[in-house]
Amino acid sequence: MDELQSNFNSVASDTKKSSSNYARNFLEYCCFRTLALSTQVSGHLSDKTFRRLTFDMMLAWEAPAAESQPTLKVDKERTAGIEAFSRIAPAIPTIADVITCFNLFDVLTTSTGGRLTFAVYEKYLGALDRAIKKMKAQTESPLLSGLRLPREERILEMDGTLTTQPVLEHMGTSTWPGRLTLTDHALYFEALRVVTFDKPKVYELADDLKQSIKPELTGPWGSRLFDKAVMYKSISLSEPMIMEFPELTGHSRRDYWLAIMREVLYAHRFIQKHEIEGVEKEETLSKAILGILRIQAIRDLLLPAVIKYEALLMFNFCDQLPGGDAILETLANVIASRRLDRTNQSTSRSGMYSISTLGILSNLGLVSQVSTEDKLLVGEIVVGELTSLERAVNDARINYKQLEKAQATIDGVKVDGLDTNLAVMKKLLRPMIQLGDFLISMASWDEPIKSIVFCSLSCFIIF
């Protein structure tokens, strides 16, 4: 401990050694040093000691000074708050990132009143570990392997391998079941023939082909009844491709695939816009890969809340958030500064910075080992201060909250002139509006039993 403190005093600035913040800054320094070493161990996410250690770091962050520690033994039911989570969790890029950590915390604490319990946190890390092992163990056909090997593409997700959960491709009037594979560069569909899969069709996500991916309605004979499909359009296709994800209730399976497809597409658009190359490009794609791994873990947890997948994926979230373009500009500036200055190795070894995303994925075996002189060893969390990226995220969140309050105020004071007439008309039409809401609820299968009864009664009446 004396050696750690001596090292911290030698590398920290005077402001970080001020008496008011010294305990917390020194604690963060010790945490970052520890995490940089412990994340190099193979299978650290499955280690219960590692899970407990990282959670205890959050608890300690909330009460870093010796005099603020409880005199009794540590209560196993103690919970962590959002500030502690947003400082410690993004220091381990596998667990969270700076941009979406607040949304991830909200999902994990849905049933615990806004405080993170160790039981939920441990389940989340267990699910994350299973998602990583599943991604590393993905198998493929020889034809697909030959297509993706030249770019060393990593398989991120597959669907359509089970007969109970088919994936249907609609091209014009033809419909084929098959297997859908998403990599970090493209989308591949292998149509199912009699006993084997056909040659994969490639739908590019990395090249600039003016692609667009959006939800779509499908149905028999060209009707638009079921909201369970994704449409892919690009200048390389003569007509759009529609991929359907049938399921009995809802459209969460389609929403999940829509989100992860867009995440890869938006990541490559960001790379192309800012002309990012080399190891920085690998680092940017790694952020998208980890985001997809995290929502796979969240899906595995079967949380009671309705999950908005876009809010948990960095590039999706910035595309929808007011001020998200400012966040991406800041991220691009950070990447550019690292490109110009590759002397950060000594700084990262000092423990003042968290470990990088690429370093984590390299340790997990999800990316090839990067040479020492090319590796980005510096993460996005700095001891005792907010980075430019964190400040941009906080500003966007504050502006978004102010925008929500302003919109609520506007909606609350619209009582004069035309708005008054609209309010009266809305009141008179309320029974029709309620009937419309009821029909929409039945069609979306939010409550399957009610929808089944409604369909049965309607069919009986028609008959």
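The values are calculated or read from the model by the stated rules, or taken from the named source; none is laboratory data. The model shown is predicted, which means the values in this text are computed figures rather than measured ones. We place every Cβ from the backbone using ideal geometry, glycine too, and count neighbours over all the protein chains shown.
A few remarks follow.
- Selected residue (criterion: farthest from residue 380 (Cα to Cα)) from residues of the stretch 83-95 that are buried (at least 23 other Cβ atoms within 10 Å of the Cβ) and more than 13 Å from the chain's Cα centre (by Cα): 85
- Of the helices (runs of 4 or more DSSP H) lying entirely inside the stretch 1-91, those carrying at least 2 residues that are under 30 Å from residue 133 (Cα atoms) and modelled with pLDDT of 85 or more are 22-38, 48-62, 82-88.
- Of all residues in the stretch 134-157, those that are closer than 21 Å to residue 278 by Cβ have Cβ atoms under 9 Å from Cβ atoms of residues that are surrounded by fewer than 13 Cβ atoms within 10 Å (Cβ to Cβ) and not hydrophobic (A, V, I, L, M, F, W, C), 6 or more apart or on another chain, in 152/368.
- Identity of the residue in the stretch 92-126, more than 26 Å from residue 41 (Cα to Cα) and touching a Pro at 6+ places or on another chain (Cβ under 7 Å), that ends up modelled with the highest pLDDT: 110
- Pairs where the first residue, in the stretch 271-300, is in the same structural domain as residue 329 (by TED's automatic domain parsing) and in contact (Cβ under 8 Å) with a residue 60 or more places away in the chain and the second is among the acidic types (Asp, Glu) and part of a helix (DSSP H, G or I), C-beta under 8 Å, 6+ apart: 288/263; 291/263; 292/263
- Boolean, residue 435 is under 19 Å from residue 317 (Cβ atoms), at pLDDT 70 or above, of a type outside the set (Val, Ile, Thr) and assigned to a helix (DSSP H, G or I): no
- Considering the stretch 116-155, the residues that are outside any helix (DSSP H, G or I) and touching a strand residue (DSSP E or B) at 6+ places or on another chain (Cβ under 7 Å) include one that is farthest from residue 290 (Cα to Cα), namely 141.
- A count restricted to the stretch 96-129 and to residues that are out of contact with any helix residue (DSSP H, G or I) (no Cβ under 7 Å at 6 or more places or on another chain), farther than 22 Å from residue 381 by Cβ and either among the hydroxyl-bearing types (Ser, Thr, Tyr) or surrounded by 19 or more Cβ atoms within 10 Å (Cβ to Cβ) (or both) stands at 3.
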